[in-house]
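Each value in this text was obtained by applying a stated rule to the coordinates, not by laboratory testing. Please read all numbers here as calculations on a predicted model, not as lab measurements. Counting neighbours? That spans all protein chains shown, and the Cβs are built from the backbone with ideal geometry, glycine included.
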Ligand code: FPP
């Protein structure tokens, strides 16, 4: 049986973890391998970390798989990432007994029709699962999400169903892809980069950030635990004292 590191006490664990899965390309480059191999290793890491989060009682996990800016990458790399997502969805469909609710956040419109259909099916079939909600951010951008939310609210107002003066923070939150879910408590970014890169822009207003010097394919349960300890030690005041 695998030995897991010591975790902070349950009451100090976050309810929602966001992860920016960064460093796949560098990991592959260091080994003289194509970038797609780095993404494949990254997808494996994601499976392990999502399972670990479920096992330790984290109710929400959101992982950044593909941003609205990632279309600028070579077609071959984009195709490789989309194929990994197809594989992940096919696997997930076979593992419904694991009680994972899978959701996708982001604009689905530009995705291939078969991928959209796989997403629809997995979301529908896992909707009743409760132990953990795993959000995969795909063609996701925090600003793009806010643009879509603004349009949605504006349409309601233009149709006379919404008084613009009644729009509050809750209403904006409920117009986002993450409607009904708690905001992330902590956002973890491996690979040494220290930026948010358009991830959960609105939702991260009070998130703690933990940056680690490990490339995502090498990220394991020990790295997650050290991030959780760092989070547990932070004093979160939410603007108070
Ligand atoms: C960032 O690293 C990573 C991505 C843009 C892709 C992440 C995708 C996966 C891990 C695979 C699909 C996901 C699932 C959930 C099956 P990078 O390529 O920018 O790394 P670099 O900065 O070292 O080049």
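Annotations
- Think of it as helices only: each DSSP H run of n ≥ 4 in the chain is worth -39500 (n - 2.57), and spread over all residues that comes to -13000 deg cm²/dmol at 222 nm.
- Simple label model, 7 Å out from Cα along Cβ direction - residue 147 to residue 47, nm: 3.5
- Averaging 1/r over every pair of different alpha carbons in the chain and inverting the result gives a Kirkwood radius of 18.9 Å.
- Restricting the calculation to Cα atoms, every distinct pair contributes to the Kirkwood radius of segment 10-141, found to be 15.3 Å.
- Cα gyration tensor shape for segment 124-184, rounded if a/c is under 1.5, else prolate or oblate: prolate
- Cut-off 12 Å (backbone N to label point 7 Å along Cα→Cβ of residue 96), residues of segment 122-150: 122-129
- Put in line by how crowded their Cβ is, counting other Cβ atoms within 10 Å and starting with the fewest, 185, 107 read 107, 185.
- Placing a label point 7 Å from the Cα of residue 12 along the Cα-to-Cβ direction, the residues of segment 214-237 with a backbone N closer than 14 Å are 225-236.
- Length available on full extension from residue 213 to residue 26: 0.36 nm per residue minus the Cα-Cα distance, which gives 66.1 nm.
- Taking the centroid of alpha carbons for each part, segment 136-194 and segment 15-82 are 23 Å apart.
- Taking 0.36 nm per residue of separation and subtracting the Cα-Cα distance, full extension of the segment from residue 170 to residue 73 would add 31.4 nm.
- Potential lengthening of the chain between residue 87 and residue 237 amounts to 49.9 nm, from the contour at 0.36 nm per residue minus the alpha-carbon distance.
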